[in-house]
Protein chains: 2
Amino acid sequence: MIYRHLLPLVALLLIGSEISLSGNILVLPGEFSHWYNMRVIVDELVARNHSVTVLIHSASPSINFKQKENFKYIVFKVSTEKEEAEFLWQNFINSSMNETLTGIQTLLLFWNIMSEIQSYLESICDGMLLNQELIASLRESHFDVLLFDPVMPCSDLLAETLGLPLVMSNRLFLAYTFERLCGQLPTPPSYVPAVATQGHLTDHMSFIERVENVLLYVALTALYKLQMITFDKCYTKITGKPTTVCDTMGKVDIWLIRTYWDFEYPRPLLPNFKFVGGLQCKPAKPLPKEMEEFVQSSGDDGIVVFSLGSMVKDLPKKRANTIAAALGQIPQKVLWRYTGEKPDTLAPNTRLYDWIPQNDLLGHPKTKAFISHGGTNGIYEAIYHGVPVVGIPLFGDQSDNLFHMKTKGAAVMLEFNKMETKDLKDALTEVINNPSYKESMMRLSRIHHDQPMKPLDQAVFWIEFVMRNKGAKHLRVAAHDLTWYQYYCLDVAAFLLSIVALVTFIFVKSCAWLFRKCCRRTSAKSKKE
Amino acid sequence: MIYRHLLPLVALLLIGSEISLSGNILVLPGEFSHWYNMRVIVDELVARNHSVTVLIHSASPSINFKQKENFKYIVFKVSTEKEEAEFLWQNFINSSMNETLTGIQTLLLFWNIMSEIQSYLESICDGMLLNQELIASLRESHFDVLLFDPVMPCSDLLAETLGLPLVMSNRLFLAYTFERLCGQLPTPPSYVPAVATQGHLTDHMSFIERVENVLLYVALTALYKLQMITFDKCYTKITGKPTTVCDTMGKVDIWLIRTYWDFEYPRPLLPNFKFVGGLQCKPAKPLPKEMEEFVQSSGDDGIVVFSLGSMVKDLPKKRANTIAAALGQIPQKVLWRYTGEKPDTLAPNTRLYDWIPQNDLLGHPKTKAFISHGGTNGIYEAIYHGVPVVGIPLFGDQSDNLFHMKTKGAAVMLEFNKMETKDLKDALTEVINNPSYKESMMRLSRIHHDQPMKPLDQAVFWIEFVMRNKGAKHLRVAAHDLTWYQYYCLDVAAFLLSIVALVTFIFVKSCAWLFRKCCRRTSAKSKKE
């Protein structure tokens, strides 16, 4: 009689114990900052007693799989060499910093590089999915879930092959074509601006901007469909039956989105889209002694932290000099993460570092501004610690990221290839001396910290949820089972319009017939008369 | 030097301390089960040291504002008497149980009652907003937020008058017209079935069902617009300037929706829509001694819990006898909450109660089934404790609620006015003896318990968030600032089509001109020849 009151408690304890049961997780990471972000989730999963296996290919340019970790690496061979891959990515970055090319030349170069990257990605797909030994060994491991970054191609196909539920870590991008077409995310173009390489639209658009946004959606959708032709062929080849990327990508159980409403313009979402932006952020740790001394030597002026991200190793000499000259003209001390040749114009207030503890520096009370390329990780560390930004975007989503910060009043943006010394100096002075930038960033910081659940906890919760429940079917919209014309009810509209047309036709014909009948009678009458 | 590492901690502590700072909350409740649900939030807010004032009118049929509580009541006078209001609601319920009326008669009766309810609601609006003394005293109280149920009319207008941020507790209903038109919630009719009084559509619809759904959207939107004419007039009269319900309702900061994905079919949502279904549920407490003895006397057969909700006091004699006869034919003991006359067919296994501890009974391990009218609260208590349902819907969203449970395999539905003794007996036997119902309900129960945050905590978090931040502007979509044709980009489409038409026209005209020119030359040549 007494035990029954304990039943809900037992049920909750069971759920609780399921949470703490260790799961077996297969991770397919992205590269560079994407891996840095996912690594934080991996570490947390390991800390929560889960067994994690990271699957990576032999040509990974940024993951040091020879290092001993508290998780396991499985490395598979691909036909590309590591040096080739590194060269490819470096080429990609350099193309963004080339000042001498014309618009058309840049576009052609970009297209060439993208084609090369596409071949590289295909070689990864082949290396992974056509390797029967690898597949068999993965199958034997009996994983509970596959966590992946879409930068690692064919991850979804691997999940399909192994019959695993899927969690994806992603940053909404390129007019959300991926999320819209494969994930069924509704994105009304009237107030959801297309994320493009040169973002300049917000959620409040004029008529002309809305026209531009609609055209951007159309163009980026076409571009996406063009790109997918190769991948769809690759997927079809591997599966041996007609398969598209959207077929398998549409099966993703949880979409972990690497942003939040501090950063995004508010817009519709789906029940299986979880926003976990800034999951890597944490309070600052003490700096190394020498660095702390340099920081303290800045006095009341404080410091500026400068990094263009882990992918950029070097800058064109002229650009480096322009930048260094500007840094020399501000009263702050500058810590610049830069592995290239020391610029001639480098002033005594600026120190170069091969590596900086970026999060710890941004969390330092002497930090006045952050010069950033606008990577999502860096932007979130700036939001977390409330540091205003001078943004110099280079490629990918960086311009869009910085534009978000700019429109929210927390950043000034510069163009890498066009900015002069004065521009950078003025931007820094503005961001440091005009209190509105700090205030805006603090407002975003407050929103970031004031969430019901920490982003990392949220990410881990949903990965564990998918393991416990073998997926998250109850969050998957039925739109996945509709064709595009069914989704937009075009068949229903056609049907209803046909009925209206038919009724109108019958009505008109009947009227005409009645009218003729009446006329005939009248004319017959008049004839008789 | 050391203090700086504590800074983020201090920031977090500050946020933490803000959470525990007591706020001043004005609550405008709904009636009956709506108030029961909101009361749970109110109690939790009081427990968290907030000061709560419940504003209620003198004709409230279900809120006993004379009772001493740990929050404050403010009562304002309305022109309707309490007895009139009670009579009105009773009439509304009786109309659903009248077997003798034809379809048209029911519709006419329903229309009459709705008109009377509308007048009653208007009298509340007037009583509240034209009472200058009340407004002045509320203004002096300096509330931080207004929490309301839309059953209390003009709550949003009061918030507007007092300049308060708004949190609404709501259950999506009637093709989501409210949420769609005022809240900008996207609801693609291809897979979001219109919630109607006789729900029979799910998120997976055939072509004909999609046609039906589209027509339902159109009809219910028209009905809503018709209803709103009176309210818009009332709003305009009170504010003294053209004002619609959507104008003020669109300013709601947080929509607390009284369901969750255990109950709902997955569909799009907005950042300021928070799902808090089942926030009132809690583990079962021990039953009163006499009741526990009766329950235990059921042996292995167990018990059936039966309630048609707090609004239904009496049943037509014939119906009561049909039901009682069915209950007498099952081996289980039945606890029936019923205040009407004792039915002649009542069997010894059935006991009538003026009131039952419904949550405690549903959480009892001997409970095999729940006979319910399908109110949201009852359904959530059944989900929470995993008890399958025999549903007898009467009015409002009840049919839709039960239909959700039916399609998820956790309930059998009956029609109140048509069911025979055998139907109810068979339904009970099916639900109790076919294990699939229990399994389905347990699946929903697992989803319900496996959330990142408890629904009540979620509700309170967002109310406190709105207090801390004086609103939740960062979650409000820009769609609120668009007209309907801008929202659907119809102006953009018209513009782009015009351009296409113009280009086509110029192209065709140019071709025709060139063709004519060529022809003329050829004919001139041939003439010469």
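The values are calculated or read from the model by the stated rules, or taken from the named source; none is laboratory data. This structure is a prediction, so every number in the text was calculated from the model and none was measured. Don't worry about glycine lacking a Cβ; one is built from the backbone with ideal geometry, like all the others, and counts go over all protein chains shown. Heads up: the accessible areas ignore ligands, DNA and RNA and are worked out on the full protein's heavy atoms, side chains in. Shrake-Rupley method; radii C 1.70, N 1.55, O 1.52, S 1.80 Å.
Tabulated data
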{"read-out": "Net charge of neighbours whose Cβ lies under 13 Å from the Cβ of B:I238, counting Lys and Arg as +1 and Asp and Glu as -1", "value": "-3"}
{"read-out": "Convex hull projection area averaged over all views, the stretch B:188-339, Cα basis, nm²", "value": "15.2"}
{"read-out": "Which listed pairs, of B:K285/B:K366; B:K406/B:K454; A:K237/A:K473; B:K318/B:K342; A:K72/A:K285, have C-alpha distances above 18 Å, in listed order", "value": "B:K406/B:K454; A:K237/A:K473; A:K72/A:K285"}
{"read-out": "Angle between chain B longest axis and helix B:32-47 axis [Cα atoms, degrees, rounded to 10]", "value": "90"}
{"read-out": "Per residue value of the accessible surface for chain B (all protein chains in place, 1.4 Å probe), Å²", "value": "44"}
{"read-out": "Copy-to-copy label separations for B:K66, where each label sits 7 Å from Cα toward Cβ, in nm and ascending", "value": "8.7"}
{"read-out": "DSSP beta bridge pairing in the protein assembly as shown, given as percent antiparallel to the nearest 5", "value": "0"}
{"read-out": "Distribution of pairwise C-alpha distances over the stretch A:101-171, 10 Å bins, in %", "value": "18, 37, 24, 13, 6, 1"}
{"read-out": "Peptide A:442-450 - average C-beta neighbours from other chains (10 Å radius)", "value": "4"}
{"read-out": "The protein assembly as shown, dipole about Cα centre (Lys/Arg Cβ +1, Asp/Glu Cβ -1), debye to the nearest 20", "value": "3260"}
{"read-out": "Rounded to 10°, Cα long-axis angle of helix B:317-328 versus longest principal axis of chain B", "value": "70"}
{"read-out": "Estimated D of the stretch B:289-449 in µm² per second, where Rh is the Kirkwood radius over Cα pairs and Stokes-Einstein applies at 10 °C, 1.306 mPa s", "value": "103"}
{"read-out": "Sum of side-chain charges, B:Q90 neighbourhood, beta-carbon under 13 Å (Lys, Arg +1; Asp, Glu -1)", "value": "-4"}
{"read-out": "In nm, spacing of pseudo-spin labels at A:D450 and B:S79 (7 Å Cα→C-beta vector)", "value": "4.2"}
{"read-out": "Pairwise label distance in nanometres, A:S436 with A:E293, each label 7 Å out on the Cα-Cβ vector", "value": "4.2"}
{"read-out": "Chain B - Rg and Dmax from Cα coordinates, angstrom", "value": "28.5, 121"}
{"read-out": "Rounded if a/c under 1.5, otherwise prolate or oblate - the stretch A:307-373, Cα gyration tensor axes", "value": "oblate"}
{"read-out": "Principal axis box of the protein assembly as shown, alpha-carbon based, largest edge first, Å", "value": "103, 101, 71"}
{"read-out": "With every protein chain in place, chain A: carbon and sulfur % of accessible area (1.4 Å)", "value": "60"}
{"read-out": "Rounded tilt (10° steps) of A:376-385 against the dominant C-alpha axis of chain A", "value": "70"}
{"read-out": "Accessible area buried, both sides summed, chains B and A with 1.4 Å probe, Å²", "value": "5700"}
{"read-out": "Cα point-scatterer Debye curve for the stretch B:21-160, base-10 log of I(q)/I(0) at q = 0.21 Å⁻¹", "value": "-1.31"}
{"read-out": "Gap separating the Cα centres of the stretch A:471-497 and the stretch A:134-176, nearest whole Å", "value": "26"}
{"read-out": "Low-density loop cleavage sites - GluC sites (Glu not before Pro) in the stretch A:55-154, where at most 16 other Cβ are within 10 Å (DSSP)", "value": "A:E69, A:E81, A:E99"}
{"read-out": "Positive dipole terminus of chain A, leading residue within A:Q329, A:L352, A:Q451 (C-beta point charges)", "value": "A:Q451"}
{"read-out": "Neighbour-limited loop hits for trypsin sites (Lys or Arg not before Pro), the stretch A:292-358 (at most 14 other Cβ within 10 Å; DSSP other than H, G, I, E, B)", "value": "A:K313"}
{"read-out": "Positive minus negative residues near B:P193 (Lys, Arg vs Asp, Glu; Cβ under 12 Å)", "value": "-3"}
{"read-out": "Chain A, relative contact order [Cα under 8 Å, separation at least 6], %", "value": "14"}
{"read-out": "Cut-off of 10 Å, at most 16 other beta carbons, DSSP loop: longest stretch of chain A lacking such chymotrypsin sites (Phe, Trp or Tyr not before Pro)", "value": "A:72-354"}
{"read-out": "Neighbour-limited loop hits for trypsin sites (Lys or Arg not before Pro), the stretch B:61-157 (at most 12 other Cβ within 10 Å; DSSP other than H, G, I, E, B)", "value": "B:K66, B:K68, B:K77"}
